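The values are calculated or read from the model by the stated rules, or taken from the named source; none is laboratory data. On a predicted model such as this, the values are computed, not experimentally measured, just so you know. All Cβ positions, glycine included, derive from the backbone under ideal geometry; neighbour counts span all protein chains shown. Note: areas computed on protein heavy atoms with side chains; ligands, DNA, RNA excluded. Shrake-Rupley method; radii C 1.70, N 1.55, O 1.52, S 1.80 Å.
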Amino acid sequence: MTVLSEPKRYLSPRHKLLAFFEKSRNGWKAKCLAAKKKVKALTNNVAALRKSRERWKALARQRRNEVLQLERELEEAKNSPRCRSSRRRHR
């Protein structure tokens, strides 16, 4: 366990230390702010991609159902009595 003793005494003049510490603080604050902006942008991008993906999935499901319905209608039309009788006449 460390015991705190007297505060550290710097040899440099205070005005130079102040400028250095302020520059250091401003640097990490800017770095943190830039990282936060990037995280926000990436989060928004992910949300937009998820929304787009869900929209395309829904459209694909809708189109697949339409295709299945049209295939059923085509089968029904092929198997209907009217279609069978018209085939016989043309032979």
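Of note:
- Note that the stretch 26-37 has calculated 3J(HN,Hα) couplings of 4, x, 6, 5, 5, 4, 5, 5, 4, 5, 4, 4 Hz, one per residue in order, obtained from phi through the Karplus relation 6.51 cos²θ - 1.76 cosθ + 1.60 (θ = phi - 60°); glycine and proline are x.
- Of all lysines in the structure, those lying under 17 Å Cα to Cα from residue 31, and not within fewer than 8 positions of it along the same chain, are 23, 40.
- Dipole of the chain computed with +1 at Lys/Arg Cβ and -1 at Asp/Glu Cβ about the Cα centre; of 48, 20, 67, farthest Cα towards the positive end is 67.
- Residue 31 paired with residue 18, simple spin-label distance in nm, labels 7 Å along Cα-to-beta-carbon: 2.5 nm
- Nearest 10 degrees, 0 to 90: helix 81-90 Cα axis against the chain principal axis: 60 degrees
- Accessible surface, per residue, of the chain when the full set of protein chains is kept, probe 1.4 Å, Å²: 106 Å²
- Lysines whose Cα lies under 19 Å from that of residue 8, excluding same-chain neighbours fewer than 8 positions away: 16
- When the solvent-accessible area of the chain is split by element, carbon and sulfur atoms take up 58 percent of it, the probe being 1.4 Å.
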